[in-house]
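As structure tokens, the structure follows; a few thoughts come after it.
Read the figures in this text as sums done on the coordinates, not as results from a lab. None of these values were measured; they are calculated from a predicted model. Here the Cβ positions follow ideal geometry from the backbone for every residue, glycine too, while neighbour counts run over all protein chains shown.
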Amino acid sequence: MLVALMLFLPLFDRHWKLPVFTHQRGDWSVWVGMLLVMVGLLVWQKQFIGFAAATLLLAALPEEWFFRAYFMTRLDDGLRANLVTSLLFSFLHGLTRGWTTALLVFFPSLFYGWLYQTKRNLPMLIAIHALSNLILAMVLGIGRA
């Protein structure tokens with residue numbers, strides 16, 4: 001239900017504009033690097049394939065769509081918007097996953113916000129978020145299918 005809300009709620013805001021997907025020079029190297037890391041990790045640890053798909057579709061996609069492409073851009077385009085968005089992002093993770101998780105996601109959230117504000121490349125941000133979730137799950141040994 002929460003995933004559906006995050007995906008569809010922005011579409012009902014008549015004052016919000018869909019994000020423009022930009023590609024900057026050199027983005028291809030980031031994509032190739034992420035793809036190689038992702039494929040390498042999943043070849044090495046095949047039991048995480050299901051987790052990788054789930055974190056991409058059920059966490060990274062709706063969270064970045066809602067928090068960065070919608071919420072943060074509706075606030076502003078500066079540091080204040082990134083801080084408020086990261087605080088809300090962390091607070092909601094605290095309510096659903098515990099307060100340790102809230103603390104752990106705050107700084108990556110600031111990074112994701114900064115990256116979105118500088119690159120405006122939502123697909124890349126979603127992929128980076130999913131990859132970081134996968135790496136964390138592998139390090140902690142959670143999310144095995």
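Brief remarks on what is shown
- Simple spin-label estimate for Thr100 and Ile49 in nanometres, 7 Å along Cα-Cβ: 3.1
- Ordering 122-130, 32-40 by mean Cβ neighbour count within 10 Å, with the highest value first, yields 122-130, 32-40.
- Look at [x] 172; [y] 107; [z] 95: the one that is volume of the Cα convex hull per residue in Å³ derived from this structure is [y].
- Charge dipole magnitude, Cβ of K and R +1, D and E -1 - the chain, Cα centre, debye nearest 20: 60
- Here the extension length gained between Phe91 and Phe12 equals 26.0 nm, from 0.36 nm per residue of separation less the Cα-Cα distance.
- With 0.36 nm allotted per residue and the present C-alpha distance subtracted, the Val139-Met1 stretch has 46.8 nm of extension available.
- Relative contact order of segment 48-145, pairs being alpha-carbon contacts under 8 Å that are 6 or more residues apart, as %: 42
- Ranked Lys119, Lys46, criterion: other C-beta atoms within 10 Å, fewest first: Lys46, Lys119
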